[in-house]
Amino acid sequence: MNETLSIRANIMKVINIDKEKWASGVESLTSTYRLFGPVKEDDSHNFKELKKGELPDLAYGNSKLSPKSAVFPPSEAMFTYSLDEKNENHHILNDVKKDYSPRAVLGIRPCDAKAVSLVRMNFDTKEYRDPYWMDAFEATTFVGLACDNPCSTCFCTSTGCGPFSEEGLDVLLVENGNAYIAKALTAKGEKLMDAAGFKTAGDDSAIAAKKAAAEAKITASIETDKLSEKVIMDLYDAPIWDDISFSCINCCTCTYACPTCWCFDIQDENKGLSGVRMRNWDSCMTPLFTMHGSGHNPRSQKKQRVRQRFMHKLKYFLDKYQKGIMCVGCGRCVQQCPVNIDIRTVSKKMNDYVAAS
Amino acid sequence: MENPYKAYPVRIDSIDVATQDKSLRTFKFVFLNEGDEEKFAYESGQFAELSIPGKGEIPIGIASSPTEKGFVKFTVFRTGLVTNHLHNMKVGDIMGVRGPLGNSYPLKDLEGKNIVIIGAGFAFTTLRSTIVYLLDPKNRSRFGNIDVIYGARNPGMILYKDELTVWEKRDDINMHITVDSTDDPSWTYHTGFVPTITETQAPKADENTYAIMCGPPMMLKFTKPVLDKLGYSHDKIIMSLENRMKCGIGICGRCNIGKELICKDGPVFTLEQLKHMPEEDT
């Protein structure tokens, strides 16, 4: 039965989940899945691996950091090696045994799920498949939670996404009084619903009105309509970057909080005669990111680095993939930037810029 | 599919001091595992990550030619953590090579054409690979005239001297070797910067002539207008670029200029392509 299901693409099944049965359903999942979900820490939520018996806290706006870490940890081992010349295989890289058993991210917001599908284009290319990101991604079932009460900084509706967007999700949960309406969108999603024992057929007729109501609450937007017709060199040379970058303190918060930032560094960490080759999140906001061995640095000034970040998100990515901008409108960078740099303002400046002919 | 981050294990087969000041050494590696050399099939202009477990990785242009079998060769300038360590390693030591990476000089497209190769300093490595490839008896007849302009700061800084001497004597390649300055009275070649020598020695541009150029930023900056003056169109000027890299496979996100990634879309671009890409330094 499952074999047949898994080859069907874009199936859609509507299930009704009584909230009273949610906890036992999640409990049932733990025998098959490692679970990740929003957990409240101090004043904010973040995605963590859930401990046995722990439930995701779904009464949240959005997490402080994006849930990208469920497939792309801030720090992860790539290889191990021995530096001991007495060891037969010294100085040879060994694969690291990783846990790619099924995992599920419960309660991811639709914007963050779309971000995962955008980032996939970077890690899964015609020429190379990044095994760490892709194995984690393929092991993951994404159970989304539609947003009934978007934040004031949300602008997902103008990024090709939305509070009820289904892109990148295997299941979409919509809160409806004492129940969740669950749309199982993929075979993976249906499998998870089965594993949780959520089988009661549901009715999705209430969703359209809820979706319209949520979208109507989003009043912020990003202007991008003219970006595709701009010439890279014109925007690059536009006299807007000094102003935009003036207040930036290169703290990197935007890049770490962002669900679509993927840059990483590779470092060897040694302890005695053994070590681990690690990869760690990196940020284009630091000068070291591009520093040559010679000391020459093509992005030594913060203006160049800030320009790189916004040009990548709003122009290079757009031109390269023709799949829209590399921003899903989650608003984290807007909320968390200590000096109030706002990607919407930057995008407007780029969108409005006309090069002198 | 194999893990593209995993280096092939290699043994250092030989180490040669490449310049008088000992800042460059040429390393010859042999693959430890059977079949890896075939998997590492490369073309001139490509690079690899030299991978030293415990220290890290560095992207270095491949100095050997695909026509040379049984080893792969790199000439490395001593400058940072990994290269300093590499310079202190011994013949027989084990490390890794990951690649080949990036695109290559478009030599297939240059068959039947005249080629002028312009290099300076220690950026001559992938050009050495190219010259060895072009001069291979199986390949030479498929190309037109070959000119090489190569400059170094002084005679002691010239790479691959033995080979240059041999090439000098051949009649199927025109060598124009120069140094910035020298007080050596026995120096019989040119004296002067690469742009100046290019102006007097490079063949005049025509439909059939292409320039391949690799060197430090200043040399490139001042050689470009010379090639303009000689009439080279920008789609016939082929250049190799570099930037800080980590993954080498277009994923880690740091080596871009505009929307192109030097590691994957490059390192080889025509000047025509580069005109539409930001210079990043500005």
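The values are calculated or read from the model by the stated rules, or taken from the named source; none is laboratory data. None of these values were measured; they are calculated from a predicted model. Positions of Cβ are generated from backbone atoms using ideal geometry, with glycine treated the same way; all protein chains shown enter the neighbour counts.
Here B:Ile158 fits the description: of a type in the set (Val, Ile, Thr), surrounded by 21 or more Cβ atoms within 10 Å (Cβ to Cβ) and over 17 Å from B:Ile237 (Cβ atoms).
Among the listed residues A:Thr255, A:Thr290, which satisfies the condition of being of a type in the set (S, T, N, Q), more than 22 Å from B:Asp265 (Cα to Cα) and either out of contact with any Leu (no Cβ under 9 Å at 6 or more places or on another chain) or buried (at least 20 other Cβ atoms within 10 Å of the Cβ) (or both)?
Numbers: A:Thr290 fails: more than 22 Å from B:Asp265 (Cα to Cα).
Sole residue among the options that is of a type in the set (S, T, N, Q), more than 22 Å from B:Asp265 (Cα to Cα) and either out of contact with any Leu (no Cβ under 9 Å at 6 or more places or on another chain) or buried (at least 20 other Cβ atoms within 10 Å of the Cβ) (or both): A:Thr255.
Taking the range A:57-89, which residues are within 13 Å of chain B (Cβ to nearest Cβ) and either among the hydroxyl-bearing types (Ser, Thr, Tyr) or in contact with a Leu (Cβ under 6 Å, 6 or more places away or on another chain) (or both)? Within the range A:57-89, A:Phe79, A:Thr80, A:Tyr81, A:Ser82, A:Leu83, A:Asp84 qualify.
Among the conditions (1) assigned to a loop (DSSP other than H, G, I, E, B); (2) away from chain A (no Cβ under 11 Å); (3) more than 30 Å from A:Pro131 (Cα to Cα), the only one that B:Gly266 does not satisfy is (3). Residue check: is A:Phe289 within 19 Å of A:Ser158 (Cβ to Cβ) and aromatic (Phe, Trp, Tyr)? Judged against the criteria, A:Phe289 is not a match.
Report yes if A:Lys323 is farther than 29 Å from B:Glu57 by Cα and within 9 Å of chain B (Cβ to nearest Cβ), otherwise no. Please lay out each step first, then the result.
Values: farther than 29 Å from B:Glu57 by Cα: yes; within 9 Å of chain B (Cβ to nearest Cβ): no.
Against the criterion (farther than 29 Å from B:Glu57 by Cα and within 9 Å of chain B (Cβ to nearest Cβ)), A:Lys323 does not qualify.
Out of B:Glu242, B:Glu272, report the one residue that is closer than 24 Å to B:Ala152 by Cα, out of contact with any strand residue (DSSP E or B) (no Cβ under 6 Å at 6 or more places or on another chain) and within 14 Å of chain A (Cβ to nearest Cβ). If you could, list the steps in order and put the result at the bottom.
Details: B:Glu272 fails: closer than 24 Å to B:Ala152 by Cα.
After ruling out the rest, the residue left standing is B:Glu242.
Listed by first and then second residue, the pairs linking a residue in the range A:222-247 that is closer than 14 Å to A:Leu314 by Cα to a residue that is assigned to a loop (DSSP other than H, G, I, E, B) and among the charged types (D, E, K, R), with Cβ atoms under 8 Å apart and 6 or more places separating them unless they lie on different chains, are A:Ile232/B:Lys259.
Residues that are in contact (Cβ under 8 Å) with a residue 24 or more places away in the chain, of a type outside the set (Asp, Glu) and either touching a Cys at 6+ places or on another chain (Cβ under 6 Å) or over 14 Å from B:Ile158 (Cα atoms) (or both) within the range B:169-189 comprise B:Arg170, B:Ile173, B:Asn174, listed in sequence order.
Would you confirm, using the coordinates I've provided, whether A:Asn94 is among the polar types (S, T, N, Q), modelled with pLDDT under 95 and loosely packed, with under 15 Cβ neighbours inside 10 Å? So A:Asn94 fails the test. Scanning the range A:246-277 for residues that are away from chain B (no Cβ under 14 Å) and not aromatic (Phe, Trp, Tyr) yields A:Ser247, A:Cys248, A:Ile249, A:Asn250, A:Cys251, A:Thr253, A:Cys254, A:Ala257, A:Pro259.
Of the helices (runs of 4 or more DSSP H) that lie entirely inside the range A:249-357, those containing 1 or more residues that are small (Gly, Ala, Ser) span A:253-257, A:343-352.
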